[in-house]
1. Collect the residues in segment 44-66 that are under 20 Å from Asp22 (Cα atoms) and of a type outside the set (A, V, I, L, M), keeping them in residue-number order.
2. Name the residues in segment 45-61 that are open to solvent by 40 Å² or more (accessible area, probe 1.4 Å) and either among the hydroxyl-bearing types (Ser, Thr, Tyr) or more than 8 Å from the chain's Cα centre (by Cα) (or both), would you?
3. Looking at segment 6-17, can you tell me whether even one residue there is loosely packed, with under 11 Cβ neighbours inside 10 Å and at pLDDT 95 or above?
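The values are calculated or read from the model by the stated rules, or taken from the named source; none is laboratory data. Remember, predicted model here, so these are calculated numbers, not experimental data. Glycine also receives a Cβ, built like all others from the backbone with ideal geometry; neighbour counts cover every protein chain displayed. Accessible surface is based on the protein model in full, side chains and every heavy atom, while ligands, DNA and RNA are left aside. Shrake-Rupley method; radii C 1.70, N 1.55, O 1.52, S 1.80 Å.
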Amino acid sequence: MKNLIQTPSIKEEIILLSEETDRNYWANRLGVSSEVLKSAVRATRSIMLNQVTAYLNQQKVKISIS
């Protein structure tokens with residue numbers, strides 16, 4: 001019988017915004033300001049790195065098209 005439970009091979013990273021040092025770390029890592037990072041978290045309603053980066057990449061595409 002096959003194992004039906006799939007374990008993720010990559011650990012999901014969570015963006016923490018509560019402390020200024022955490023905000024600055026994630027903003028620098030993603031190449032955005034802390035305000036843009038907070039806006040992205042609010043817009044996605046998620047603190048998962050993959051969802052926030054997907055949103056930020058989508059926003060960059062929209063800006064370059066305009």
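1. Listed by number, the residues that qualify are Thr44, Arg45, Ser46, Asn50, Gln51, Thr53, Tyr55.
2. The answer is Arg45, Tyr55, Asn57, Gln58, Gln59, Lys60, Val61.
3. No - not one qualifying residue is present in segment 6-17.
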